[in-house]
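Working notes, structure below.
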Amino acid sequence: SMVAVGVVSFLVVPVPFFAVTAYGTKKYPQLLTSAAGKAKLRAFRFLFVKFVPERYYFGGVLLIRSLLICFVPVVFRGISTQLILMCIILVVFLLIQDRQNPWRSSAANQGDAILLTSLLLLLICGCMTVQTEADDVVGIVGTVCCLSSFVLTCGLLLFGVLRRIFHRGVKYSSFICHHKTDAAAQARLLKMMLQIKAKQNVFIDSDNLVDLDLLFDVVRNDVENLVVYLTRDILRRPWCVGEITVAFLTSKAKVTAVLTPSFMAPSTEQMDHLSEYVDQTGCNLSQYGIFLEDHSKVALMKLLDPSTRSVRVDATLQGSAVFEKIVVDLIKGGGPEGAVSGTGQQEKLPPLPPEDGMILISSEPGNIEATAAASILRLKMQEHLLHLSQDSALCLLCDHSSEDLDALSSCTAQARAVIVIL
């Protein structure tokens, strides 16, 4: 009867709590970028407030650790078995904690490690004071651990050798090819949004690459989708042209073009004289076996062909909604000619929300690069403001109408802070 009571109690209390916390942990990235997620973030604040933004999921890890520690003495009756399993659990989670460093302060990380180490030492010392009879379970557990370690080590070595010889898997779901002078913030924002919304591993050379000589090798072997963010001078940059050439001629990567309003395709005459059109001052592509008049010309013609998958920046949208639309289209895969889905007229922006204590972020209206920089700042601040205040609301002025000067003045006067991006 006590077993039945225990099972029912476990199903009634811990299981629903674990289910709710798992849901909150899974939805955390989407709640950060959703205007309607503020109330839910307050409800789940206890899960994330103590940890650095990159380790927001560690609250769930601690719950699993506590559950396993509680289960050991309930499920296993032998003292020797309990001691072995408790030591294994503590060692595993000590390694995880040391690897992740999830707490917001180094003192908390060190304190957690010291606590786990102390518990482990306490168990080892306790073994000396308890008289136990050696049972078959201890021998079985020891044998299984030794054999498992040996088989796992040999298997990992064999897998690594075979993978190295026969296959090089895709490391990046998307590679964003862009001209940093025109679209550094825009490319970075797309990377962040694709990581949040599509759980993609996105590559940008300025973040991930130490040696630029390896750039073309990454495109050739480790990329599933090459996203070419077409701005005014991107096809004049040798590294960008080289990436496009490698993707079309030697890689299995799918290519998607993002057409921005500033992009102008090279003329027929410029295509016939690519060696003069492309600025090779800092990079001579022929050193990498890429010849502009032959290889690159074919690749650029394929890129600009109407049948190539493309996404066109919607001129009817303003503010961060521009990038929301681009990301949605990229996740869907784009389409030939990337037709604009707007109405041809600028959509009206919503008025400023009448809330007190907001943090306003101001950027140059109509400047898409400034809008991207403001959006990046908002995403970064959302991660860190959650543990400071439950009522902090971030507002991008570029996402709201500024026609009503009285409303803008009132909102600014009641704001907790105003950040101006110059």
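The values are calculated or read from the model by the stated rules, or taken from the named source; none is laboratory data. Bear in mind the structure is a predicted one, so any value in this text is a computation, not a measurement. Every residue, glycine as well, gets a Cβ built from its backbone with ideal geometry; the counts of neighbours run over all protein chains shown. These area figures cover heavy atoms from the full protein model, side chains too; ligands, DNA and RNA do not enter into them. Shrake-Rupley method; radii C 1.70, N 1.55, O 1.52, S 1.80 Å.
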Q: Take region 185-208 and flag every residue that is touching a residue at least 12 places away in the same chain (Cβ under 8 Å), open to solvent by 10 Å² or more (accessible area, probe 1.4 Å) and not in a helix (DSSP H, G or I).
A: Gln200, Asn201
(Q) Condition (residue is in contact with a strand residue (DSSP E or B) (Cβ under 8 Å, 6 or more places away or on another chain), surrounded by 14 or more Cβ atoms within 10 Å (Cβ to Cβ) and over 20 Å from Ile176 (Cβ atoms)) applied to region 313-321: is it met by at least one residue? (A) yes
Q) So, in region 258-306, of the ones that are touching a residue at least 12 places away in the same chain (Cβ under 8 Å), within 14 Å of Phe248 (Cα to Cα) and in a loop (DSSP other than H, G, I, E, B), which residue ends up nearest to the chain's Cα centre (by Cα)? A) Leu304
Q. Among the residues of region 196-218, is any within 30 Å of Pro53 (Cα to Cα), touching a Lys or Arg at 6+ places or on another chain (Cβ under 7 Å) and of a type in the set (Val, Ile, Thr)?
A. yes
Q. If you take the residues in region 380-397 that are modelled with pLDDT of 80 or more and open to solvent by less than 20 Å² (accessible area, probe 1.4 Å), which one is nearest to Thr231 (Cα to Cα)?
A. Leu396
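For (1) out of contact with any His (no Cβ under 9 Å at 6 or more places or on another chain); (2) outside any loop (DSSP other than H, G, I, E, B); (3) modelled with pLDDT under 90; (4) over 25 Å from Gln200 (Cα atoms), each residue gets a yes or a no:
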{"site": "Ile331", "(1), (2), (3), (4)": "yes, yes, yes, no"}
{"site": "Gly342", "(1), (2), (3), (4)": "yes, no, yes, yes"}
{"site": "Pro353", "(1), (2), (3), (4)": "no, no, yes, yes"}
{"site": "Ile359", "(1), (2), (3), (4)": "yes, yes, yes, yes"}
{"site": "Ile376", "(1), (2), (3), (4)": "yes, yes, no, no"}
Q: State the number of residues belonging to region 248-270 that are at pLDDT 90 or above, touching a Phe, Trp or Tyr at 6+ places or on another chain (Cβ under 8 Å) and within 22 Å of Asp329 (Cα to Cα).
A: 3
(Q) Cβ-Cβ distance below 6 Å, separation of 6 or more or different chains: which pairs start in region 224-239 with a residue that is in a loop (DSSP other than H, G, I, E, B) and end on one that is open to solvent by 10 Å² or more (accessible area, probe 1.4 Å) and of a type in the set (A, V, I, L, M, F, W, C)? (A) Thr231/Phe263
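How about region 246-279: which of its residues are among the polar types (S, T, N, Q) and buried (at least 17 other Cβ atoms within 10 Å of the Cβ)?
Ser251, Thr256, Thr260
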(Q) Any residue that is of a type in the set (D, E, K, R), within 22 Å of Ile204 (Cβ to Cβ) and surrounded by fewer than 16 Cβ atoms within 10 Å (Cβ to Cβ) - is there at least one of those in region 283-300? (A) no
(Q) For region 99-120, give me each residue that is in contact with a helix residue (DSSP H, G or I) (Cβ under 8 Å, 6 or more places away or on another chain) and either more than 14 Å from Val52 (Cα to Cα) or assigned to a loop (DSSP other than H, G, I, E, B) (or both). (A) Asn101, Pro102, Asp112, Ala113, Leu116, Thr117, Leu119, Leu120
Q: Among residues belonging to region 150-184 that are surrounded by fewer than 20 Cβ atoms within 10 Å (Cβ to Cβ) and small (Gly, Ala, Ser), point out the one that is modelled with the lowest pLDDT.
A: Gly169
Q: For region 193-212, state whether one or more residues are modelled with pLDDT under 90 and of a type in the set (Gly, Ala, Ser).
A: yes
Q | region 405-422 residues that are more than 10 Å from Asp356 (Cα to Cα) and in contact (Cβ under 8 Å) with a residue 60 or more places away in the chain, paired with ones that are small (Gly, Ala, Ser) and open to solvent by less than 70 Å² (accessible area, probe 1.4 Å) (beta carbon under 8 Å, 6 or more apart) | A | Ile419/Ser362; Ile421/Ser362; Ile421/Ser363; Ile421/Ala370; Ile421/Ala373; Ile421/Ala374
